[in-house]
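Visitor: Before anything else, here's the structure in question.
Every number in this text was worked out from the coordinates using simple rules, so none of it is lab data. As the structure is a computational prediction, the values presented were derived from the model and not from experiment. When we count neighbours, we look across all protein chains shown, and the Cβ atoms used for this are built from the backbone with ideal geometry, even at glycine.
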Amino acid sequence: GSEAVSSALAAMKLLKDLSRMQSEAEESLAMRDLAARFEQLAIGVFNECYRNSENRAFKLLVRRSSIWGGATCLQLAYEADARNFFAQDGVQSMLTDNWWGQMAQNTPVWAMVLTFFCPPLIYTDLITF
């Protein structure tokens, strides 16, 4: 459904938290294994969405989930410490786009540093948007 990725990430977080509270090592390990499986499910659904439409996949990452208290997939993944989810090409691509904003990605580092120390240069063609 429309909440598959966010629900899988939320389940991962819940299972990780429960595993920390579990006193029996075997039960704790079983919960951590199940949490990892939910992360893989979230990755699989997201990657399929990304293959079909990058734009829709990006929207999926930042759309607020009504059933998870308005949290986004990125917030849930962060809370769950879902490092494998964050390592996916689609997630990295979206984060890179947000990091760079409207600035051209081929902007040289020296131009950014120079503009940082001399802000009026932002109004020149030194950095393109």
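Visitor: Based on DSSP H assignment, which helices of the chain show an axial Cα extent of at least 15 Å together with a mean Kyte-Doolittle hydropathy greater than or equal to -0.5?
Guide: Answer set is 4-21, 25-52.
Visitor: Find how much the distance from ALA104 to GLU3 grows on full extension, using 0.36 nm per residue of separation minus their present alpha carbon separation; answer in nm with one decimal.
Guide: 33.1 nm
Visitor: Based only on other Cβ atoms within 10 Å, what is the fewest-to-most ordering of SER66, SER19?
Guide: Least crowded to most crowded, the residues run SER66, SER19.
Visitor: Rounded to the nearest 0.05, what FRET efficiency do ASP97 and ASP125 give with R0 = 35 Å and r taken as the Cβ-Cβ distance? Could you check?
Guide: 0.95
Visitor: Under the rule of -39500 (n - 2.57) per DSSP H run of 4 or more residues, summed and divided by the residues of the chain, what mean residue ellipticity at 222 nm is obtained, to the nearest 500 deg cm²/dmol?
Guide: Per the formula, -21000 deg cm²/dmol.
Visitor: Quote to one decimal, in nm, the extra length available between GLU48 and ARG64 on full extension: 0.36 nm per residue of separation minus the C-alpha distance between them.
Guide: 3.8 nm
Visitor: Give me the extension gain from VAL113 to ALA25: residue separation times 0.36 nm, minus the current Cα-Cα distance, reported in nm with one decimal.
Guide: Difference between extended and current length: 26.6 nm.
Visitor: Among the trypsin sites (Lys or Arg not before Pro) in region 22-129, which ones are in a DSSP loop with at most 12 other Cβ atoms within 10 Å of the Cβ? Mind listing them?
Guide: Of the trypsin sites (Lys or Arg not before Pro), the ones in loops of region 22-129 whose Cβ has at most 12 other Cβ atoms within 10 Å are ARG64.
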